[in-house]
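Below is one structure, written out as structure tokens; comments come after it.
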Amino acid sequence: MKALRLYGPRDLRLVEEDVPRPAPGEALLRVRTVTVCHSDIHYYRFARIGDTVSDVPLVLGHEFCGEVVEVTPGVEGEMGKGPAVGDLVAVEPAISCGRCRYCREGNPNLCDHLLFSGTPPLDGALREYLSVGAEFLFPLPTGFTADEGALLEPLGVALHGWDLAKLRVGASVAVVGCGPIGLLLIQLARIGGAGQIVAVEPLEYRRALARSWGAVALEPDEHLERHVRDLTEGHGVDVAIEAAGTLPAQEEAARIVKKGGTVVAIGIPAEDQLIMTHHVIRRKGLTIKIARRMKLTYPRAIALLARGQVTLEPLLTHHVGLADAEQAFRLVEQYADGVIKAAIHP
Ligand SMILES: [Zn+2]
Ligand SMILES: [Zn+2]
């Protein structure tokens, strides 16, 4: 089979490898769609995120959907409802142990023994086949596409960020950064009962999508704070969710939230720092929460999509095969050609 391995910064190579043999309890998947995340771009550019370094050739890809082509004993699941051959499945990319203190406390995203698809040392999905433990597979209802299956992962990240926001019905929210996660958060804000929804985003085509989902979309210019105050009776929003992964977005989120409000930071900045002006966050007495990926979100993500409460496909703007994957990485890296989300089909 073909696999795409990252040998170092900007050094992706298409290599020929054996199809993996699924261990007992695992299913073999034919990978159908992998969507490119900005965390993949971090590895592509620097071969590292923070102190996690990719020092062996790594297969990237953690937002993906596959078709089950082989199951082993033990995959049947409770009452025979496990994934079966032919099923499309979404895949939880975080492989948690289920036994450590943090897993038992209900925080598998903080597991002591966590492995994550496409993060060293675990190979991800940019290859034709991979095998995954059945407990991490979520069979998709009929009618779901493989592209939607892949996008359930970023929807899960948005859901986890939304959970942290704990927004009360009718309260106001700002989403700073309208990439895929930000645009999903705007959809969640609408169905979650937010009052005023403010989107902050420098790119007009992304602001247009934010507007189409009910947000007032603003540019992050020198008038931003005043514009947000005008929309919120002079106070600022109750909650600001930073989903841009840039230092300016962190500061903007702190500046447009009201006194006593909450900032949820989701983005991963290239500088590996969180920077907000201290007197701003101190005088306002802000609560700042940091999202760590997601946890236990697949069943809700699937339900929201099945009921038509969120739409995912407008986010998918580009499609390429595995051999052209680097094109997709460059598009996402450079915010080129109106890209929101690019899909790679191995
Ligand atoms: Zn991602
Ligand atoms: Zn654990």
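Nothing in this text is a laboratory measurement; each read-out follows from the coordinates by a stated rule. Bear in mind that the values here come from a model prediction, so they are computed numbers and not experimental data. In this analysis, Cβ positions are derived from the backbone assuming ideal geometry, glycine residues included, and neighbour counts consider all displayed protein chains.
For the reader, a short list of remarks on this structure follows.
- Across the chain, the mean sequence separation of Cα contacts (distance under 8 Å, 6 or more residues apart), normalised by length, yields a relative contact order of 17 percent.
- Spherically averaged projected area of the convex hull of Cα atoms, the range 83-234: 12.1 nm².
- The slack between residue 219 and residue 292, meaning 0.36 nm per residue of separation minus the straight C-alpha distance, is 23.6 nm.
- Taking 0.36 nm per residue of separation and subtracting the Cα-Cα distance, full extension of the segment from residue 282 to residue 311 would add 6.6 nm.
- Straight-distance crosslink candidates among aspartates and glutamates, where the alpha carbon sits under 12 Å from residue 289 and sequence neighbours closer than 8 are dropped: 163, 242
- Using alpha carbons only: equivalent-ellipsoid semi-axes of the chain, gyration tensor based, whole Å: 34, 21, 19
- Stretching the chain fully between residue 326 and residue 229 yields a gain of 30.7 nm (0.36 nm per residue, less the alpha carbon separation).
- Net charge of the neighbourhood of residue 226, taken over other residues with C-beta under 15 Å away and scored Lys/Arg +1, Asp/Glu -1, is -4.
- Three-way shape call for the range 158-290 based on the alpha-carbon gyration tensor, with the a/c threshold at 1.5: rounded
- Here the chain carries DSSP beta bridges of which approximately 60% are antiparallel, counting only pairs with both residues inside.
- Calculated FRET efficiency for the pair residue 84/residue 268, C-beta based, R₀ 30 Å, to 0.05: 0.25
- For peptides 16-27, 291-302, 176-187, sequence by mean Cβ density within 10 Å, most packed first: 176-187, 291-302, 16-27
- Approximate spin-label separation residue 7-residue 76, in nm, with each point projected 7 Å along Cα-to-Cβ: 4.7 nm
- Under 19 Å from residue 81, Cα to Cα: aspartates and glutamates that are on another chain or at least 8 residues apart: 26, 67, 70, 92, 135
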